[in-house]
Amino acid sequence: MSKNQTFSAIDLFSGAGGMSLGFSMAGFNILYALDNDSACIETYNKNLGNHGHVGDIYEINKTVIEETISRKIDGLDVIFGGPPCQGFSVQRRGEDNDPRNQLVMEYIRLVLEVQPKFFVMENVAGLLSTRGKPVLKQLEQQCEKAGYVIHIQKLNAFDFGVPQVRKRVFIVGEKTEGVFTKFTFPDHTRPFTNTPSTVREAISDLMITTDDETIHNHKADKLSPINLERIRSITEGQGRDSLPEHLQLDCHKNNSTHRHLDVYGRMAWDKPSSTITARFDSFSRGRFGHPELDRTITLREGARLQTFPDDYIFYGTKVQAAKQIGNAVPPLLAKAIAAKIKEILLAEGDG
């Protein structure tokens, strides 16, 4: 089989397409993508093709997909995706039976109906915590009963060419007829990638923001007077604990146990960024202040730190676009996982 052979895949909970982009870079042909957010699908389709669809996974099954794309999906190579995971977050308070947790099992329901050779699921590290373990156990039991071997590992995107510290759990299901498995998680690829490893290397050429179309999604918002005073009072790499007392929030003062130390902070030039979140467009939500300029990083700078190329344009409101970028699996990380799966599929084809 030629190494140029393309393999088939489906993206569930696709968001703006970070995983699809990574798998496409590795040579996969994405037949169908699903998300319930129309702004995400607009971004997806305008960048990756017209196979993205707005829908509710509770209403999707194998027949619906086949009718939508006018082809059978028997023998599909991969299903991948990242079901919303806030219910497993270790930062979250409240009951453990968050309804969003059920989306993981809906993802698995569809996987087991389609029976791809592999599936890949991304989730927060909280899936391995006390909150997530009951769902993880249910997932493993159902998949193993259906003939899948489950591989679980926490990966840091930085190790795979992303200039960001971003730790997420990846679950790979491998359909096997016997006791032997072939999949292993990729080794660190950073030593072999010519990609930025620091904020400076990733975004230092974007100091000037524009209101025109020279660089898409690169418009800086003005800070409120109080936040402008805050950002001017700290230097690169500092967070809210370095703010003068009169600029700190009451809930932060004399509270060494407060978990959100990174709020009202600047990025450091010569380190990878902290995790880009769905609200990285807000100075008050994390260490999202520019290392040098008196502003929050722009959407384009956030996209660079997630390894989206500059010609990947995000649509919708600023808040919607920030959510699309922050929730995405970094394409270079997705590509590394996809490449490992492709190696196995190629070897099986040669066999």
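Normalising the average separation of contacting C-alpha pairs (under 8 angstrom, six or more residues apart) by the number of residues puts the relative contact order of the chain at 19 percent. Each residue of region 305-311 is assigned a 3J(HN,Hα), and the resulting list reads 5, 9, 6, 7, x, 5, 8 Hz, derived from the Karplus form 6.51 cos²θ - 1.76 cosθ + 1.60 (θ = phi - 60°), x at Gly and Pro. Working note: Karplus 6.51/-1.76/1.60 with θ = phi - 60° gives region 275-292 the couplings 4, 6, 9, 5, 10, 5, 6, 10, 4, 7, 9, x, 8, 10, x, 4, x, 10 Hz, where Gly and Pro are set to x.
The calculated FRET efficiency for Lys72 paired with Lys175, based on their beta-carbon distance and R0 = 25 Å, is about 0.90. Leaving out ligands, DNA and RNA, and with a 1.4 Å probe, what % of the accessible surface on the chain is carbon or sulfur? Here carbon and sulfur together make up 48 percent of the probe-accessible area.
Binning the alpha carbon pair distances of the chain at 20 angstrom intervals from zero yields the distribution 29, 56, 14, 0, expressed in whole percent. Counting only lysines at least 8 places from Lys335 when in the same chain, those with an alpha carbon closer than 25 Å to its own are Lys3, Lys46, Lys117, Lys154, Lys167, Lys175, Lys182, Lys271, Lys323.
Of all complete DSSP H helices in the chain, those with a Cα span along the helix axis of 24 Å or greater and a mean Kyte-Doolittle hydropathy of -0.5 or more are 331-350. Protection proxy ranking, highest mean first, for peptides 192-201, 159-168: 159-168, 192-201, where packing is the per-residue count of other beta-carbon atoms within 10 Å, averaged.
Determine the per residue accessible area of the chain with all protein chains present and a 1.4 angstrom probe, expressed in square angstrom. Could you put the intermediate results ahead of the total?
On the way: 16210 Å² over 351 residues.
Result: 46 Å² per residue.
Each other residue within a Cβ distance under 12 Å of Ala202 adds +1 if Lys or Arg and -1 if Asp or Glu, for a net charge of -1.
The values are calculated or read from the model by the stated rules, or taken from the named source; none is laboratory data. What you see is a predicted model; the values in this text were computed from it and never measured. Here Cβ is always computed from backbone atoms with ideal geometry, including for glycine, and neighbour counts include all displayed protein chains. When the accessible area is computed, the model is the full protein with side chains, heavy atoms only, and any ligands, DNA or RNA have been set aside. Shrake-Rupley method; radii C 1.70, N 1.55, O 1.52, S 1.80 Å.
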